Amino acid sequence: MKALKCRECGREYPLTASHVCEFDFGPLEVVYDYERIKRSISRAVILSRNNSMWRYRELLPVAEEPTVGRQVGFTPLVKADRLAKALGIREVWIKNDTVNYPTLSFKDRVVSVALSRARELGFTTVACASTGNLANSVAANAASAGLKAYVFIPADLEQGKIVNSLIYGANVIGIRGHYDEVNRLCAEIAGKYGWAFVNVNMRPYYAEGSKSMGFEIIEQLGWKIPRHTVVCMASGSLLTKIQKSYQEFMKLGLASETEYKIHGAQATGCAPIATAQKAGLDFFKPVKPNTIAKSLAIGTPADGFYALKVMKETGGSADDVSDDEIREAIKLLAETEGIFAETAGGVTVGVAKKLIASGKIPAKDSVVLCITGNGLKTLDAVNGHAGSPREIKPSLREFEGLLATENQSTANA
Amino acid sequence: MATKVRIPTPLRKLTNNEELVEVNAATIGDAIVELQTRYPGIKERLLDETGAVRRFVNVYVNEEDIRFLQNQQTKLKDGDEVSIIPAIAGG
């Protein structure tokens, strides 16, 4: 790490807990010394390290060895042949962060970086504004690191995500409002208290953690950058960091130069970025979210401008899917690949289906779908839509009767 | 027509570390003009060369984003509270 730098005007700042340019409020980003990194990183060095996101540690913004979340990442990249057949495309890979350690979403990646860096900077209290997954991850990782945690969430979140934060002993504050309002409040709180807010004053470090998902995809594909990648968008940050990971691996000679397209996925009930992309605009109009994909329900996406830029530069597309399409896509992924994703994963699969059907992702190509969170966390969203068990007495006759009725109805269908 | 304006940390160097300042303005646009008179330099931090609110600056009146209201034409009344907040990332 060399400095923090404003993405808008290029002014540089020291490597402290600070996230906006004092001049134009543009987001700050970590600057690296790539010449130096190039001398110390290689495929062999990476392969010699543990199977975690920290095998790429030169490209993650901590000064010393990480102290929080050393086991995070290196989730499976699953070749999804049955899903590929259902979607009508040659090849599909699932980057499966539903099994990320320890809280079953990609947020463990960003949190492990943010908390390791927070400790380096001397913080003892950490906090976040969250749509749920981040809250879970901050609560769990702070507990294991002995840090005090405050997590701020919309009060109407899925029960699973609320319990999943409380259980670790974090201070969970439910805000009566949607995420954008939680976010606004946290920006004000962060300015006032000396806490490490992972997605406010720690954001430059935090956001870099997402790159590890892209590094892993490349390595797991045999050091190749995928032709197409579909990423769900809330703030748009993950999508921009996936591109950055591809660029960095090319720059360092870890992957060969190649053309790639990055596509964005949103829920129709909160699609400011996808709407702008489809209209060919390079700015978005904020919206008030109304979707079952609560982890993506950010109406004022902070990285929306940059996400639009990445899609434009790489020739990617965006689309959005309705709540019913999200549920269908969750079922499709579960029934074809045995992977139960949360609503955001349904958004990614549903949008991939649309982009393949419209030819924006050609049927002859290969695509990676970034699945970011586990379905067990959003049971409310699919409960009642996945059928229900048929109850019988513990009697063989009843069971055979049930099978006979079913075979009958299948025959009639 | 006193409206309270909450000044974010990055701009407090301009307001002598004042966190809350009062303005007498009919609209958000007028409030920015008044702030500029009292705290020279603050306008260019909030507005870009075209006079539009910078894209990473969010302005709220009583917790409502002015982009859902009438942007800089949004009317202010006695007791309203304006917040100026940098856009932040997802979660």
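Bear in mind that the values in this text are calculations on the coordinates, not laboratory data. From a predicted model like this one, the values you see are computed outputs, not experimental measurements. Note that each Cβ is placed from the backbone with ideal geometry, even for glycine, and that neighbours are counted across all protein chains shown.
When only alpha carbons of region A:176-247 are considered, Rg and Dmax amount to 15.6, 47 Å. Building the convex hull from the alpha-carbon atoms of region B:2-86 and averaging its projection over directions returns 4.8 nm². Our coupling estimate for region B:70-86, obtained by passing each phi through the Karplus curve with A = 6.51, B = -1.76, C = 1.60 and θ = phi - 60°, is 10, 6, 6, 7, 3, 6, 10, 10, 3, x, 5, 10, 9, 10, 10, 9, x Hz, Gly and Pro reported as x.
For region A:87-118, applying the loop criterion from DSSP together with a ceiling of 14 other beta carbons within 10 Å to the trypsin sites (Lys or Arg not before Pro) yields A:Arg90. Placing unit charges on the Cβ atoms of the charged side chains and taking the dipole of chain A about its Cα centre, the candidate lying farthest along the positive direction among A:Gln71, A:Leu238, A:Thr125 is A:Gln71. Taking GluC sites (Glu not before Pro) across region B:2-91, the ones in a DSSP loop with at most 10 further Cβ atoms lying within 10 angstrom of their Cβ are B:Glu49. Report summary: the helix-based calculation at 222 nm, which adds -39500 (n - 2.57) for every DSSP H run with n ≥ 4 and divides by the residues of chain A, gives -12000 deg cm²/dmol. Seen through its C-alpha gyration tensor, with square-root eigenvalues sorted a ≥ b ≥ c, region A:227-319 comes out prolate because a/c lies at 1.5 or above while a/b is bigger than b/c. Computed from phi, the 3J(HN,Hα) profile of region B:54-64 under the Karplus parametrisation 6.51, -1.76, 1.60 (θ = phi - 60°) reads 3, 6, 9, 10, 10, 10, 10, 10, 6, 6, 9 Hz, with x in place of Gly and Pro. Farthest towards the positive end of the charge dipole of the protein assembly as shown, among the residues A:Ala145, A:Met53, A:Ser18, is the Cα of A:Met53, using unit charges on the Cβ of Lys, Arg, Asp and Glu.
Net charge dipole, region B:2-86: roughly 240 debye, given to the nearest 20, about the Cα centre with Cβ charges of +1 for Lys and Arg and -1 for Asp and Glu. Note: relative contact order over region A:264-323, using C-alpha pairs below 8 Å and six or more positions apart, is 48 percent. For the pairs A:Lys312/A:Lys353; A:Lys251/A:Lys377; A:Lys2/A:Lys377; A:Lys148/A:Lys294, flag any whose C-alpha to C-alpha distance is greater than 30 Å. From the list (A:Lys312/A:Lys353; A:Lys251/A:Lys377; A:Lys2/A:Lys377; A:Lys148/A:Lys294), the Cα-Cα distance tops 30 Å for A:Lys251/A:Lys377; A:Lys2/A:Lys377. Got a sec? Charge dipole of region A:312-377, +1 on Cβ for Lys and Arg, -1 for Asp and Glu; which of A:Ala357, A:Thr336, A:Ile371 is way out at the positive end? Most positive-ward Cα: A:Ala357. Report, to one decimal in Å, the Kirkwood hydrodynamic radius for chain A based on all distinct Cα pairs. One over the average 1/r among Cα pairs gives 21.8 Å for chain A. Relative contact order for chain A: 16 percent, from Cα pairs under 8 Å spaced at least 6 residues apart, divided by residue count. Cross-link partners of A:Lys107 among aspartates and glutamates, defined as those whose alpha carbon lies under 18 angstrom from its own and excluding same-chain residues fewer than eight positions apart: A:Asp97, A:Glu158, A:Glu208, A:Glu216, A:Asp303, A:Glu342. The amide H of A:Gly73, built 1.01 Å from its N in the peptide plane, has A:Met53, A:Tyr101 as neighbours under 5 Å, considering only residues 5 or more places off or on other chains.
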